[in-house]
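One structure below.
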Amino acid sequence: MHIFRTNRLLRSYLDRHRREQKSIGYVPTLGALHPGHMSLIKSARAQNDIVVCSIFVNPTQFNDKSDLAKYPRTIEADIELLLQNETHILYYPRYEEVYPPDLDTGIDIDLGYMGEVLEAAKRPGHFEGVMQVVKRLLDIVEPDRLYMGQKDFQQYTIIGYMLEQLKMPTELIVCPIVREANGLAMSSRNERLSPEARQRAGVLYATLCASKSGYDLAKISEIEATAMRSIKEAGLEPEYFTIVDGLNLSRPDSHSSSIVASTAAWIEGVRLIDNIRIQ
Ligand code: AMP
């Protein structure tokens, strides 16, 4: 595996391979890698000649600066995991590579309703920061395909919209959620939970599954209220449990071709998110 810390070296390596018509798959991450990230790497490996993974804890997407300070940084273990999974390139830039002082990296895309609901309502500025960093990283890597997890449902929906709005040539591939044995979606934040809380947090997936099996368009509010109660009873503090149209995040109606239940909840000071495709 090659590890690049500067854009110049990364780009000269990739340009050489691009000239040989090699395809490039790209997996952006914040590090603290786990099997969820590795599933993205595996998909990228299966569909591309070269796989680039980046690790960059992007400050502009953290609306809560204490969350940024607490974010786990485990670069040595990450490198080990990437090696085991035969990743070709790790791009591990310093802040100035991503945000040079003389470059305007701001993004001016109106997200409308998508930028007001679910995560956006609780984390002001978060998706602006995500769009900013993903756009910048895509400009550096210029991949054929971008791999993101279904785990961050609103994130990939917004990035898909951004690619469309900016007419960027990269194809977005969304990969299924990898879960722990009790159904808890894998996340770097799970490491901060006690074993008991980690076990209890399995209620999120159980509740999402229940909302899927009992889904009825006419009873959405009831299903949401029951789900909030189940999560509370398990000792978590739910922020929201909301069923939305998977394309525009509005309330589903009889024309919705994609419907998603999405939730966020707190336990032991850790904020967990999860979702399920209902249809
Ligand atoms: P992060 O490092 O948390 O920003 O995640 C990097 C990418 O990995 C994002 O596209 C996430 O959606 C994806 N990801 C994180 N956790 C999982 C998971 N449990 N299953 C599948 N993809 C995941």
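The values are calculated or read from the model by the stated rules, or taken from the named source; none is laboratory data. Computed from a predicted model, the values in this text were never measured in an experiment. Counting neighbours? That spans all protein chains shown, and the Cβs are built from the backbone with ideal geometry, glycine included. SASA here: full protein model, heavy atoms, side chains in, ligands and nucleic acids out. Shrake-Rupley method; radii C 1.70, N 1.55, O 1.52, S 1.80 Å.
Annotations for the structure displayed:
- Boolean, ASP78 is under 15 Å from GLU142 (Cβ atoms), modelled with pLDDT of 95 or more and either open to solvent by 30 Å² or more (accessible area, probe 1.4 Å) or not in a strand (DSSP E or B) (or both): no
- Residue count, segment 131-156 (criterion: in contact (Cβ under 8 Å) with a residue 12 or more places away in the chain and either open to solvent by less than 20 Å² (accessible area, probe 1.4 Å) or over 20 Å from ASN63 (Cβ atoms) (or both)): 18
- Just one of the listed residues (LYS122, LYS212) is open to solvent by 60 Å² or more (accessible area, probe 1.4 Å) and over 22 Å from PHE62 (Cα atoms), namely LYS212.
- Only a single criterion out of (1) part of a helix (DSSP H, G or I); (2) within 14 Å of the ligand (Cβ to nearest atom) is not satisfied by PRO72, namely (1).
- Any hit, segment 265-277, residues being open to solvent by 20 Å² or more (accessible area, probe 1.4 Å), on the phi > 0 side of the Ramachandran plot and in contact (Cβ under 8 Å) with a residue 60 or more places away in the chain: yes
- The combined condition, being at pLDDT 95 or above, closer than 22 Å to GLU97 by Cβ, within 16 Å of the ligand (Cβ to nearest atom) and aliphatic (A, V, I, L, M), is not fulfilled by ILE3.
- Segment 146-187, residues that are away from the ligand (no atom under 12 Å from the Cβ), aliphatic (A, V, I, L, M) and more than 20 Å from MET114 (Cβ to Cβ): ALA181
- Among residues of segment 71-82 that are over 16 Å from ASN190 (Cα atoms) and in the same structural domain as HIS34 (by TED's automatic domain parsing), none has a beta-carbon under 6 Å from a residue that is part of a helix (DSSP H, G or I) and among the charged types (D, E, K, R) at least six positions away or on a different chain.
- Of residues in segment 218-253 being of a type in the set (A, V, I, L, M) and open to solvent by 70 Å² or more (accessible area, probe 1.4 Å), the one farthest from the chain's Cα centre (by Cα): ALA218
- Restricting attention to segment 53-75, the residues that are exposed (fewer than 14 other Cβ atoms within 10 Å of the Cβ) and polar (S, T, N, Q) total 1.
- Taken together, the residues in segment 188-225 that are part of a loop (DSSP other than H, G, I, E, B) and within 16 Å of the ligand (Cβ to nearest atom) amount to 3.
- Scoring GLY183 on the criteria (1) in a loop (DSSP other than H, G, I, E, B); (2) open to solvent by 70 Å² or more (accessible area, probe 1.4 Å) leaves a single failure, condition (2).
- Hey, ALA32 open to solvent by 10 Å² or more (accessible area, probe 1.4 Å) and either modelled with pLDDT under 95 or more than 12 Å from the ligand (Cβ to nearest atom) (or both) or not: no
- Any hit, segment 187-201, residues being small (Gly, Ala, Ser), within 28 Å of SER43 (Cα to Cα) and under 18 Å from the mean Cα position of the chain (by Cα): yes
- Test: residue in segment 96-115 that is within 14 Å of the ligand (Cβ to nearest atom), open to solvent by 30 Å² or more (accessible area, probe 1.4 Å) and in contact with an Asp or Glu (Cβ under 9 Å, 6 or more places away or on another chain): no
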